[in-house]
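Accompanying notes for the structure given below.
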Amino acid sequence: MHELKKYQKDTLDVLTRFLTEARFGLPSEAYLKIKQEQGIATRYETYGLGSIPYACLRLPTGGGKTLLAAHTINIASKNYLEKEFPLVLWLVPTNAIRNQTLKALQSKDNSYRQVIDEHFNGKVSVFDIGDVDNIRTQDIENTVCIVVGTLATLRVEDKTGRKIYASRPDWFDSHFKKIPDNYPGLDKDSENKVIQSFANLCHFHKPLVIMDEAHNARTSLTFETLKRVSPACIVEFTATPNTTDENGSNILYSVTASELKAENMIKLPIMLTEHKNWQNALHETVIMLNKLSELAKNENEYIRPMALIQAESKNHEVTVDIIKQYLIEEEKITANKVAIATGTQREIDGIDLFDPKCKIEYIITIEALKEGWDCSFAYVFCSVANIGSSTDVEQILGRVLRMPYAVKRKVPELNYAYAYVISERFLEAANNLKDKLINMGFEELEADAYLKPKLFFGDDLPENKKNISFIIESPVKADTTKLLDEVKKQIDIKVNEKGTIIKLECAITDTMQTNIASLFSKDKNEQNRIVNSLHLFKAQQDVSLSPAEKGKIFKVPQLSVFYQGYFELPEPSLFLESSQWNILDYSAELSESEFNLSQEARAYKFDIENKKIVYETAEHPEFEVDNLHSNWDKFQLVIWFDKQLQQVDVPQIKMIEYIRKVVEHLLDTRKLPIDAVVIGRYLLKREIEKKIKMSREAAMKRGFQDLLFSNNSKMEVDFKYSMQFDPNNYPVHDNYYQGAYRFKKHFYVNIGDLKSDGEEFECAQIIDTLGEVDYWVKNLPRQPEFSFWLPTSTDKFYPDFMIQLKDGRILAVEYKGGQLTGSDDTKEKDNIGRLWESKSNGKCLFLIVYKTDDKGRDITTQIKNKVKK
């Protein structure tokens, strides 16, 4: 199965929690509980759907929304619908995306389809919404039945929509033989007979609705339309929710562009160059593409960098034909390297752009690439249209952000995207493009950080000389006779037949700025462009750079433990291994308090942790009870649970035996009826999962104690086992610091996981002002590749602040505010922190900070006292 990135797993984990909580109570309560844990004050909007769960998952362009939607079917099936094979309505915004999605889901070679097949053992049926009359009863009963359509097709005014609501007894009679005529809510005709329509079929089966980019259609009409098909729950995927009322968009989880960048999903930053005429923009596009093509030869995997060029429409000056003519005649690009992709000229249809035999390097479009097209080989975006007025820029620009193979490239320039635009003023172009990035799902601070003039970050420079460098590439030959000696010493300038390249690695003075501009006095347009670029770069230099931008190194030695002849990081899996974890060593009995039921009339009542669920066996189930009369036996139950409860650290043979003990205890010892256990199997699955988790944690605690705190423990803290804060990756979630106070010593430009006020903010302020502090990081939780962590008996602990002191030592600070009474969790963190400090030979310090400690000392005094030698 396609390996999910961390941010994708996190997104799906939150969705799982939401649907599980909503199954036991109100969706609004589940939603608000999760948002409160995220530290976000918001509200839950029902959109007139009542108790039907509705959640929006926000991922920037390139985040893999379709992949997560494919996983959502299984998550909703197990955690809310509790059905073996749900009916799914997969709704997309346009017919172009509808055709693309349908093709992907119907192809068993497609990764999205493979995800669904993996979850449901290949029992999957996919239909276009215009062909619903081909759906058989066995498709709905024995397969995941996915119907792909647009929201518009559900509206009665649409031709296809009328088909959905029309009576089709010739096709649906077999379906409605199994649906009682008195089932509530079914549409009926003038003779009070049930209309045998697809809409009524949906009403009975309560489909899962997946919506792609529905924020533009989030209206009362939209949700009235959805109510007609009686969804069980709705999950929306979007890059940008309704920004006019974002608090009411039910954004359950937001992924940032920083998280995508950290996972090598997208190319960032975007190197922006503006031009005053389209010829220069195209010329630089060709120069950059040629450069990238040469650099790509050094990569292990095949990459053929490509350029996407946005032309003006046919009633304007620079049409697709004009651009193609220019590329061939002026830039000497061979015709087989240029393709046009518009509504009428579809020269890339059916072509595999990833094929090494493919020659296409330039694709010219107007807006046809804005949807249903992806090629991660696209690196350069050039727009000859006005980017401020074009509504299609963000869609086309999104095509150049995908990273080939989702792997960081060896050559630094191949990790960036490039944009060449037409604008009279650079700042106007930059602001317009920034707005486009925000429309693509970037946070405003990310758009600022990742949109840069033609800057390179010197990744190829020696470690001790890393700094921001600035490169000017011009098609105009500079007049080097005007170059002052004092400026010549500080820059690297090369002039050849193709023009001029100037590289600066120093602060720009006014003299330098004026002198460099004078070298291009023969071409006023080019001179003005370079003056603007130098001015912007100087303005950036004048702003204090972060330590990461200055090339500072921040490494933290980690605690390592000696195990079976080697020093290893104390991962939770190591504790399990050392404890000789075996699920069969733990109880498989579920008490009545853990899983209870009673039978009243034709209903089973399940009580799990005081949250009651009633399953009706009558004709009108709230949730359909699958296979109620299928005569399950003990063996079938064991096999079903085994498929549902696979655990990477529990061998299947042991899991089957453990489940057998669970089932036998319920059926033979507690004498529960097997049909009741079958009906409640999804709820029972959750309780078995909890039981296994508790047993695993008990084993981990034993291994934790033995490895770290026994008489035979052997550990060390040394820089040969260290983590380094990556200067180019700080994958903050959507909780950027956005306060008015400006921090001066934070390692990165932005600060993650920090509110704009409160006690933790005050602690950060104090750290930032201490003279002993060189720089510091707000340590991101749940980011083991990018943050520092210490082990606990069941998890990993991420101290709030990691501080590089000026004397070379490192201080880890965990802030606990006014909580002077230490909980077991706090005591465990304190113990492991002190252990890390004691094994570091004076290199590291650990401190739990309170607003006022038990000696009456404030935060400043506590920290100063700790770092005092």
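The values are calculated or read from the model by the stated rules, or taken from the named source; none is laboratory data. Here the structure is a predicted model, which means the values were calculated and not measured. Heads up, the Cβs are rebuilt from the backbone with ideal geometry, glycines too, and the neighbour counts pull from every protein chain shown. Just the protein is used for accessible areas: all its heavy atoms, side chains included, with ligands, DNA and RNA removed. Shrake-Rupley method; radii C 1.70, N 1.55, O 1.52, S 1.80 Å.
For the reader, a short list of remarks on this structure follows.
- Output for segment 1-34, where each listed residue is farther than 21 Å from Gly50 by Cβ and among the hydrophobic types (A, V, I, L, M, F, W, C): Met1, Leu4, Leu12, Val14
- Breaking point among (1) farther than 19 Å from Lys337 by Cβ; (2) modelled with pLDDT of 65 or more; (3) out of contact with any Leu (no Cβ under 7 Å at 6 or more places or on another chain); (4) open to solvent by 10 Å² or more (accessible area, probe 1.4 Å), for Lys359: (1)
- Residue match in segment 760-772 (condition: β-branched (Val, Ile, Thr) and in a loop (DSSP other than H, G, I, E, B)): no
- Test for Ile328: is it touching a residue at least 24 places away in the same chain (Cβ under 8 Å), part of a helix (DSSP H, G or I) and either open to solvent by 50 Å² or more (accessible area, probe 1.4 Å) or among the aliphatic types (A, V, I, L, M) (or both): no
- The lone exception for Asp492 - which of (1) within 23 Å of Glu549 (Cβ to Cβ); (2) open to solvent by 40 Å² or more (accessible area, probe 1.4 Å); (3) in a loop (DSSP other than H, G, I, E, B) it fails: (3)
- Restricting attention to segment 708-739, the residues being hydrophobic (A, V, I, L, M, F, W, C) and out of contact with any Lys or Arg (no Cβ under 9 Å at 6 or more places or on another chain) number 2.
- Summed over segment 218-235, residues that are modelled with pLDDT under 80, in a loop (DSSP other than H, G, I, E, B) and open to solvent by 40 Å² or more (accessible area, probe 1.4 Å) total 1.
- Residue match in segment 236-243 (condition: of a type outside the set (Gly, Ala, Ser) and at pLDDT 90 or above): yes
For every residue, the table says whether it meets (1) surrounded by 21 or more Cβ atoms within 10 Å (Cβ to Cβ); (2) modelled with pLDDT of 95 or more.
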residue: Phe801; (1), (2): yes, yes
residue: Gly818; (1), (2): no, no
residue: Glu828; (1), (2): no, no
residue: Asn841; (1), (2): no, no
residue: Leu845; (1), (2): no, yes
residue: Asp858; (1), (2): no, no
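- Of the residues making up segment 784-798, those that are crowded, with 23+ Cβ neighbours inside 10 Å and of a type outside the set (Phe, Trp, Tyr) number 2.
- Of all residues in segment 741-748, at least one satisfies being part of a strand (DSSP E or B) and within 20 Å of Ile553 (Cβ to Cβ).
- In segment 495-526, the residues that are at pLDDT 85 or above, closer than 21 Å to Glu284 by Cβ, open to solvent by less than 30 Å² (accessible area, probe 1.4 Å) and not in a loop (DSSP other than H, G, I, E, B): Gly499, Thr500, Ile502, Ile516, Ala517, Glu526
- When restricted to residues that are touching a residue at least 40 places away in the same chain (Cβ under 8 Å) and not aromatic (Phe, Trp, Tyr), segment 100-128 contains 11.
- Filter result for Thr334 (of a type in the set (Ser, Thr, Tyr) and open to solvent by 60 Å² or more (accessible area, probe 1.4 Å)): yes
- Segment 16-38: number of residues that are open to solvent by 30 Å² or more (accessible area, probe 1.4 Å) and closer than 13 Å to Tyr253 by Cβ: 4
- Boolean, Lys552 is at pLDDT 70 or above and basic (Lys, Arg): yes
- When segment 401-430 is limited to residues that are among the hydrophobic types (A, V, I, L, M, F, W, C), assigned to a helix (DSSP H, G or I) and modelled with pLDDT of 80 or more, the one that is surrounded by the fewest Cβ atoms within 10 Å (Cβ to Cβ) turns out to be Ala406.
- Subset of segment 741-795 (residues that are free of Cβ contacts under 8 Å to residues at least 60 places away in the same chain and basic (Lys, Arg)): Arg742, Lys778
- When Asn712, Asn729 are checked against the criterion of being of a type in the set (S, T, N, Q) and within 30 Å of Asn779 (Cα to Cα), a single residue qualifies: Asn729.
- Qualifying positions in segment 803-816 - open to solvent by 20 Å² or more (accessible area, probe 1.4 Å) and in contact with a helix residue (DSSP H, G or I) (Cβ under 9 Å, 6 or more places away or on another chain): Asp807, Arg809, Tyr815, Lys816
- When residues of segment 796-826 are limited to those that are among the hydroxyl-bearing types (Ser, Thr, Tyr) and free of Cβ contacts under 8 Å to residues at least 12 places away in the same chain, the one nearest to Tyr7 (Cα to Cα): Ser823
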